[in-house]
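Read the figures in this text as sums done on the coordinates, not as results from a lab. The shown structure was predicted, so the numbers you read here are calculated from the model rather than taken from an experiment. Cβ atoms come from the backbone with ideal geometry, glycine included; neighbour counts cover every protein chain shown.
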Amino acid sequence: MDEKRYQSKHKRVGQAYDRKDAREKVTGQAIYTYDLELPGMLHARCLLSPYARAKIVSIDTSKAKALPGVRAVLCGEDSDILVGLYMQDKRVLAKGETRYQGDVVAAVAADDEETAERAIALLDVVYEPLQPVHDVDEALEAKILVHEDINDLKHYVGVFFPQKDSNIASWNKSKKGDLEKAFEESDLQVVNEFSLPAVAHVPMETHVAIVQADPFSNKIRIWASAQSPFAIRQIMADSFGISESDVEVHIPYVGGGFGGKAGIHLEPLATLLSKAAGGAPVKVRATREQEFNQLPTRAGMRGRIKTGVNLDGKINAVQAVYDWDSGAYADYGVNVGKTAVYSGLGPYAVDNACIDSKTIYTNKVFSTAYRGFGHLETHWSIERQIDILSQRLGIDPYEFRMMNLLEPGKHTISGELVTKSTGSVKECLTAVVKEIGWTGRKTEEERQREWKTGKVRGKGFAVLQKAPAMPANTASSAIIQMNGDGRVRMMIGGVDIGQGANTAMAQIAAQELDLPIEYINVMTEIDTRANPYDWNTVASKLTFMGGNAVIKACRELLDKMKAIAAQALKTEPEYLAHANGEVYHVHNPERRISYAKIALGYMYPNGTSIGGPLMATGTYIADGLTNLDPETGQGSPALVWTFGAHAVDIEIDVETGNIDVLKVVSAFDVGQVINEKLIYGQICGGVVQGLGSAILEGYKFNEDVRLMNPSFTDNKIPTMKDMPKEIVAIYIENPQMNGPYGARGVAEHPMISVPSAVGNAVYDALGINFHVLPLSPEAIVLGIQSGKKSILCTDVDCLPGLH
Amino acid sequence: MDKDCSMYTEHVESGKRKVTLSMTVNGRPVVRDVDPNMTLLHFLRDNLKLFGTKEACGEGECGACTIIMNGKAVTSCIILAVEAEGAQITTVEGLAKDGKLSILQEEFISQDALQCGFCTPGFLMSTRALLDSNPNPTDEEIMEALSGNLCRCTGYIPIMNAVKRTAERERKELGS
Amino acid sequence: MISRFTYFKPHNLNEAVQYLEKEEKSFVLAGGTDIMILLRRNLINAEHIVDIKALPETAAFEFVEGAGLTIGASVVVNRVVDSEVVKAKYPALHQAAASLASFQLRNRATVVGNICNASPGADLPPALLVYDAVVNISGPQGNRQVPLHQFFTGVKRTVLQRGELVVSLQLPDPGEGDKSIYLRQARLRGHDLATVGVASRIKPDGKVAIGICAVAPTPKRLFALEDQINERGLSQETVEWAADEIHQHIHPISDVRSSALYRLQMASVLLKRGLLNLIGKED
């Protein structure tokens, strides 16, 4: 991407500025929590359970405690604090019973890492292994309960629905129309099952937190590599029974999050260790193995889809059952399960729909938020089903989709009306299909001919949608203060985790205030004592909500400036405009005053001063959302839909199963490009991460539900050699009328539906429908060898968790 | 998960005999006493306070800890500090000279070859080592030199663009 | 890492051998790419680390007409990758070396370290095996040579006794008209252990040699299969036959990396492609 292909109609919004914090990052100056050292800081290590489910018979900490340099040793007996964003089902340290292989059984804080490591080795734990729950089917039989106290778990009532005496953390539903009738009236009913395994986020900076718990008061100071400082504050206060005001959270540079750092993870443990060590700051850092084995993942999921369709291609009814293998604790995973009920059928206009989404406990490492928040998983089911339907009907898959996609006038499955301001999935699909050169499905003759060469080409595409999955009262805010030189410093509550939030917000402010972007300084380190509130940095919501908050703050600042300038220039504010760092009179621009002259108040020639230091605030609360009806899932949960589509062109070596991704075309209706470089970065990153899920990634558990690939040796992510030859990005701009300059978020979307597009391309190439991810070389070859035309969940041996 | 550590229920008292180590880091001579079991990565960070080089796996698999040692790109997390006796080491802090960013760093910024930035120092050093020995690399040579560096954010394409632009500019502006 | 050790860097081979024999919990350090992982994961308890990189005998890397190629224990894999003579005379070794791990790791990992680590899936042994490599060992009892195909005794186990260390590898001069290739299958294009790796060689006298990794507790030469191929004579038909027949000669397991079935398939494919490439008939 050498030349700027995108031309913006705005002066500053839409320009491809360099990332604001790039220089710190290329010089090694950027300090991450991983780098931080505090005076008197101790280092912690954890002992993880070797068993998926076991009784902890005894823990002898005496030798560890006696080791010189050890300042605290904790195990489950030492604390009854419960943590959980939505359901309080997790102890900080396992007590009595471990629930997954990787569960924290004990922790040590010591003067240095090596001593902490030694102390861990000196702990004597006696376990009694118990029969674990392996997978969703076993979990649903409920012969063994992962949480025997499930009936008593504290949770958000009316939002999550744990089922009595079961392993179902939550059973969420939505229902629209008359399903039975619609199925009956359909020419064809097609049922299919799809599945995909858990995968890891793999941020390059592993989870790390430093906590200093004041021994003389309730005050807790936290430094964390995290996405949601205000959520940490709130949950810490809740779990520890103190005031939010007693909790202070600092977020330095963050080395990647992808949703894995969206909630609260190591902070409670670090807090307990600090308290036990007399208030010394304690750093708890996950090794890479712990990152895979102890910290949470994206959930494995099985989707069963039944579609009622007519021979002319009209979809009448869709019924989906999603079973999420969410592991040992509900964490954020339970919200992923809930979100599927209003967003889990893809961007299609379906009048009769029913979704059952169960977040299920098993004895595996638990799941949390992950880029896409369940949408990659549901779209794997949906977009493969759509492709299979088009095959059955003999209709071109592009035409079939165009017949059924959402468009203005249609309603989403939660009953929300789609308008022009919602954006256009059809334009996205049309754009990618055109760019990839789709000329229709391969014929069997073409396939056979190519097969003889050993390499077969295939093209496939898939659509996607996502809106932020968040509470109806989600809010973002911004504070702007002007310095004496007329430049501006800005504080937001959102975290720049690499997505470029600070740069995008600065661009919007630069546009509003008509200042060069260099004059907008966004505070890079979040401090909850000073920065204004933002719910979480997740959900691709920061551009939209943070952007709106920034605009409001800028406009308030301009109003204040004009009020003072009007006095200084002896006119009315309504006759003033602003440009290039000056406020000026619209009729006679020579009557003007620079921002700098009013930044700290305006002083008349005789010394009298008016106004004062310029500052402004802006807040944006999600506009017009409602909770969902617990039975029907109807309501208004979605603030802003971003639609998109991917098309891929692949080549498969039929003997080895290697897939070469030649070209990926991705289109998103972003409403308004804020910064093309940043969006292109999100697209490349998301596509490659999506290809990882498509071809390469997946947790593997053995029959004892022990994780078999807890390191980079066997848990691989794409490298530079695995990137596609070409990624083409297309930006559709149908503005969202209540968005900042019409913009929508697009942070997660590039990953969604990438596996679906690849799966569809694999069908085009091989004539085989794969129902299970990943489409590894082995899966491809064994699939071809089987002679079957559909490789189902039941056909796949020793795949993670869902056998 | 670590294998059962019961063999260490005895506190190992073999005692560490420190080794005096001298090397050149970013052009500066350095002399320190180190424990033999300290890795080069920890030496750079904990002793020399050069925090730019990061650990992201500790097993040589991800490349985040890449530095240049005697002209070669190596993963410092699996090298003992004592093995670097007499070595010439360059870390990310050694790329910019006299307050001016190198062409390589400028192009990483301009091509947006970074997002969270945690893998960036490793990529910069792998690229530096590549271009020092091969000023006109092919795409395959670039991928070969850099595929030992993992990135989860960028999808690599902007990094590839930055490396190619750097090579081009260095050939033109530095006549390499 | 918990291990606290004394670091010893001898300049004299006898010194090294005596030290290794005397000190029980002593380990050899060459490239470090394997042992550092063991140390970090606390899978070994080291009290002495003996860095052999200063031993002059381990520095050798030369090809002598007639005698062949000597690879000293300190020679790193990237030196082998960059060597024109290896590329020309032992192409399978060049390719195996180029496929190993990642660029940074190849700047440290040694060829000898790869065989001493004796992983069942090690990439270099198949190529070294087809070239009849011989291992030069120095120990308290003196020096000995062991053909590489007798060097591996089990998963991560070799014939090395306490106090012994491998000083170099010797590959005979293959002569004129020799051809070889190394092909491997992995889970991705980036660095990975081999799911299966096959080295195929056609010697100047027309006889084949086949080395394979990741399908047995150790890397292996498939002598019996070679004999059968040589008896039939090399042709496209024989190659197709051999690709099937190889299933009788290997017994791969299923593990976290791959199923046995896929390994069997890939062994066939890589053998077939390798041999067809060498006889000049691309598939």
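Structure notes:
- Legend: calculated FRET efficiency, C:D173 to A:K721, from the Cβ-Cβ distance at R0 = 35 Å, rounded to 0.05, equals 0.55.
- Förster-model FRET efficiency, 60 Å R0, B:E140 and A:E631, C-beta, rounded to 0.05: 0.55
- Which listed pairs, of A:K20/A:K562; A:K176/A:K459; A:K261/B:K54, have C-alpha distances above 22 Å, in listed order: A:K20/A:K562; A:K176/A:K459
- In Hz, Karplus ³J(HN,Hα) per residue of the range A:678-694 (6.51, -1.76, 1.60; θ = phi - 60°; x = Gly, Pro): 5, 5, 4, x, 4, 5, 4, x, x, 4, 5, 5, x, 5, x, 5, 6
- Its convex hull of Cα atoms gives the range A:475-621 a direction-averaged projected area, equal to a quarter of the hull surface, of 8.9 nm².
- Its alpha carbons give chain B an Rg and a Dmax of 17.9, 62 Å.
- Expected 222 nm ellipticity per residue - DSSP helices of 4 or more, -39500 (n - 2.57), all of chain C, to 500: -9000 deg cm²/dmol
- The range C:179-278: mean projected area of Cα convex hull, nm²: 6.0
- Considering only Cα atoms, the convex hull volume of the range B:103-174 works out to 72 Å³ per residue.
- Å³ per residue enclosed by the Cα convex hull of the range A:367-505: 225
- Ordering C:246-252, C:157-163, A:282-288 by mean Cβ neighbour count within 10 Å, with the highest value first, yields A:282-288, C:246-252, C:157-163.
- At R0 = 60 Å, FRET efficiency that the Cβ-Cβ distance of A:N702 and C:K207 yields, to 0.05: 0.90
- Calculated diffusion of the range A:638-788, Stokes-Einstein form, Kirkwood radius summed over Cα pairs, 25 °C and 0.890 mPa s, µm²/s: 146
- Across the range A:1-74, the fraction of Cα-Cα pairs farther apart than 19 Å, rounded to a whole number, is 69%.
- Using alpha carbons only: equivalent-ellipsoid semi-axes of the protein assembly as shown, gyration tensor based, whole Å: 49, 38, 32
- Helix-derived mean residue ellipticity, 222 nm - over chain A, DSSP H n ≥ 4, -39500 (n - 2.57), to 500: -7500 deg cm²/dmol
- Cβ-placed point charges (K, R +1; D, E -1), dipole of the range C:189-283 about Cα centre in debye, nearest 20: 320
- Peptide-level mean, for B:161-168, of C-beta atoms on other protein chains within 10 Å: 1
- Rg(Cα) / (2.2 N^0.38 Å) computed for the range A:586-691, rounded to two decimals: 2.07
- Neighbourhood charge, 12 Å Cβ-Cβ cut-off, centred on A:E185 and excluding it, Lys, Arg +1 and Asp, Glu -1: -3
- Whole-Hz Karplus values for the range A:37-51 come out as 10, 10, x, x, 5, 9, 10, 10, 9, 10, 9, 9, 5, x, 10 Hz, taken residue by residue from phi with 6.51 cos²θ - 1.76 cosθ + 1.60 and θ = phi - 60°; glycine and proline positions read x.
- For the range A:179-319, the C-alpha radius of gyration sits at 1.60 times the compact-globule guess of 2.2 N^0.38 Å, with N the residue count.
- Calculated P(r) tail over 13 Å for the range A:310-356, as whole % of Cα pairs: 61
- Working from label points 7 Å from Cα in the Cα-to-Cβ sense, the C:D82 to A:N483 distance is 4.7 nm.
- Rg(Cα) / (2.2 N^0.38 Å) computed for the range A:32-169, rounded to two decimals: 1.23
- When you count the other C-beta atoms within 10 angstrom of each residue and take the mean per peptide, C:269-279, B:100-110, A:318-328, A:441-451 line up highest first as A:318-328, C:269-279, B:100-110, A:441-451.
- Each of the peptides C:210-220, C:123-133, A:29-39 was scored by the mean count of other Cβ atoms within 10 Å over its residues; in descending order, highest first, they stand as C:123-133, C:210-220, A:29-39.
- At 1.567 mPa s and 4 °C, Stokes D of the range A:605-654 from Kirkwood alpha-carbon radius, µm² per second: 72
- Per the Kirkwood formula applied to alpha carbons, the range A:673-740 shows a radius of gyration over Rh ratio, Rg over Rh, of 1.17.
- For chain A, relative contact order (Cα pairs under 8 Å, six or more residues apart, normalised by length) works out to 16 percent.
- Based on every Cα atom in the range C:48-132, Rg and the maximum pairwise Cα distance Dmax equal 12.5, 40 Å.
- Computed from label points 7 Å out along Cα-Cβ, the spacing between C:N12 and A:N473 is 8.1 nm.
- Potential extension, A:E37-A:L188 segment - 0.36 nm per residue separation minus Cα distance: 47.9 nm
- The equivalent ellipsoid that matches the C-alpha gyration tensor of the range C:60-188 spans semi-axes of 22, 18, 14 angstrom, in descending order.
- Annotation: extensible slack from C:Q248 through C:Q161 equals 28.0 nm (criterion: 0.36 nm per residue apart, minus Cα-Cα distance).
- Over the range A:215-285, volume per residue of the alpha carbon convex hull, in Å³: 80
- With semi-axes defined as the square roots of five times the eigenvalues of the C-alpha gyration tensor, the equivalent ellipsoid of chain C measures 33, 21, 16 Å, largest first.
- Taken over the C-alpha atoms, the range C:6-54 has Rg and Dmax values of 10.6, 31 angstrom.
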